[in-house]
Amino acid sequence: MEKLNICPVSNYYQRILLPVSYSLVFLLGLGLNGALLWCVCCRTRRWSSTVVYMTNLAVADLLYVLALPPLIISSAMGELWPFGNILCKSVRFLFFVNLHCSMMFLTCVSVHRFLGVCFPIAAVRLRTKKRALFASGAVWVLATAEILPTLVFAHTGEINNMTVCFEMTNPGNFKVYFPYGLFLAIVGFLIPFIVVITCYCSTMRALCCRAADRVPNPRTARMRTTSICMLLVVCLMFVVCFVPYHIARTAYLFVRVYLPADCHLLNVALISFKAWKPVVSFNCCANPLLHFLGCGRRRRKLRAWVWRRTRVQPVVCLVGVVSTHRSGG
């Protein structure tokens with residue numbers, strides 16, 4: 001096992017920030033994505049291309065949160081890794097594969113919506129279930145191929161007499177890892193980010209132009225406004241969740257390779273990188289929430305469920321009070 005002496009880094013925040021945030025993501029992500037998969041698999045009779053993409057996105061997010069428990073335990077123990085080298089490689093591999101799959105499926109969804117709004121005639125031919133299945137399979141294959149080198153770079157090591165699981169690679173191997181890290185940033189984030197923002201901006205522009213050209217209809221205008229607002233929320237979520245994390249990760253890689261002796265700068269870069277990790281993790285909770293809230297039929301069902309709960313609860317309490325009086329009298 002490799003022993004390394006590196007700059008002392010501040011990790012006081014990790015014992016609280018990462019375990020608490022990862023635990024919250026685990027509970028919410030498990031429940032929300034599990035509910036989404038249950039709704040899709042058990043309640044959907046006819047699968048469309050949209051359902052195919054949302055199902056694969058939910059699976060990627062679910063696998064992502066299932067990789068969190070070992071990271072929660074390790075973070076709570078101050079980065080100590082008691083699970084061995086094989087699990088270290090497996091967890092890092094699953095973590096990054098499903099993060100990249102989530103990015104790619106969000107890209108597929110953005111292209112899917114863009115075609116439906118901007119090219120509705122061509123969308124009939126292009127947005128088929130068969131093409132969606134092919135694209136989903138290609139996403140899983142490409143993401144797996146991109147992350148395969150992680151199985152070589154990620155491993156356990158010993159720092160300050162403590163066994164840790166290196167997230168990227170050991171500090172002495174960062175120069176070799178750096179080109180691969182840039183490749184992941186460009187292919188796994190920058191290109192999908194450009195596609196998503198371009199598609200959603202074009203879609204919102206098309207919706208706004210149609211609203212200006214046609215005679216206003218209250219119901220149609222309301223639906224169009226709701227669609228534009230949802231697209232804005234999705235874009236904002238995408239930017240907030242992914243952009244700061246990948247910028248901080250790339251900056252940390254740069255400091256590790258070119259300024260490794262500057263311990264103060266290294267601490268700042270590492271803390272920034274670690275602080276944004278929980279934010280990118282919350283994306284797997286936001287995806288199913290946006291799916292449930294973005295569908296008018298599901299919003300109506302949610303309101304009806306809440307209304308039933310608020311109406312039924314007082315009746316149950318009243319029945320309990322009546323029963324108590326009768327048994328006492």
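Quick check on my filter: what residues within the stretch 61-89 are among the aromatic types (Phe, Trp, Tyr) and surrounded by 21 or more Cβ atoms within 10 Å (Cβ to Cβ)?
Scanning the stretch 61-89 gives 64, 81.
Among the candidates 198, 169, 128, single out the residue that is in contact with a helix residue (DSSP H, G or I) (Cβ under 9 Å, 6 or more places away or on another chain) and either within 20 Å of residue 95 (Cα to Cα) or acidic (Asp, Glu) (or both).
Being in contact with a helix residue (DSSP H, G or I) (Cβ under 9 Å, 6 or more places away or on another chain) and either within 20 Å of residue 95 (Cα to Cα) or acidic (Asp, Glu) (or both) holds for just one of 198, 169, 128, which is 169.
Output the qualifying pairs, or none if there are none: Cβ atoms under 8 angstrom, residues six or more apart or on different chains, first residue in the stretch 137-163 and closer than 20 Å to residue 58 by Cβ, second residue of a type in the set (Phe, Trp, Tyr) and crowded, with 19+ Cβ neighbours inside 10 Å.
Correct list of pairs: 139/105; 147/96.
Quick one: in the stretch 90-105, which of the residues that are more than 15 Å from the chain's Cα centre (by Cα) and surrounded by fewer than 19 Cβ atoms within 10 Å (Cβ to Cβ) is nearest to residue 280 (Cα to Cα)?
Filtering the stretch 90-105 for residues that are more than 15 Å from the chain's Cα centre (by Cα) and surrounded by fewer than 19 Cβ atoms within 10 Å (Cβ to Cβ), the one nearest to residue 280 (Cα to Cα) comes out as 93.
Could you list all residues from the stretch 158-184 that are at negative phi and either surrounded by fewer than 16 Cβ atoms within 10 Å (Cβ to Cβ) or of a type in the set (S, T, N, Q) (or both)?
Result: 158, 162, 163, 169, 170, 172, 173, 175, 176, 179, 182, 183.
Tell me, yes or no, whether the stretch 114-127 has at least one residue that is modelled with pLDDT of 90 or more and either under 22 Å from the mean Cα position of the chain (by Cα) or crowded, with 21+ Cβ neighbours inside 10 Å (or both).
Among the residues of the stretch 114-127, at least one is modelled with pLDDT of 90 or more and either under 22 Å from the mean Cα position of the chain (by Cα) or crowded, with 21+ Cβ neighbours inside 10 Å (or both), which makes the answer yes.
Scan 257, 240 and give me the residue that is at pLDDT 85 or above, among the β-branched types (Val, Ile, Thr) and more than 27 Å from the chain's Cα centre (by Cα).
257
Within the stretch 248-261, can you find the residues that are part of a loop (DSSP other than H, G, I, E, B) and without any contact (Cβ under 8 Å) to a residue 40 or more places away in the chain?
Matches in the stretch 248-261: 259 only.
For the stretch 36-68, give me each residue that is of a type outside the set (Lys, Arg) and over 16 Å from the mean Cα position of the chain (by Cα).
Listed by number, the residues that qualify are 38, 39, 40, 41, 42, 44, 47, 48, 49, 50, 51, 52.
How many residues, within the stretch 108-160, are out of contact with any Cys (no Cβ under 7 Å at 6 or more places or on another chain), in a helix (DSSP H, G or I) and of a type in the set (Ser, Thr, Tyr)?
Result for the stretch 108-160: 3.
The values are calculated or read from the model by the stated rules, or taken from the named source; none is laboratory data. What you see is a predicted model; the values in this text were computed from it and never measured. Ideal geometry is used to build each Cβ from the backbone, glycine not excepted, and the neighbour counts take in all protein chains shown.
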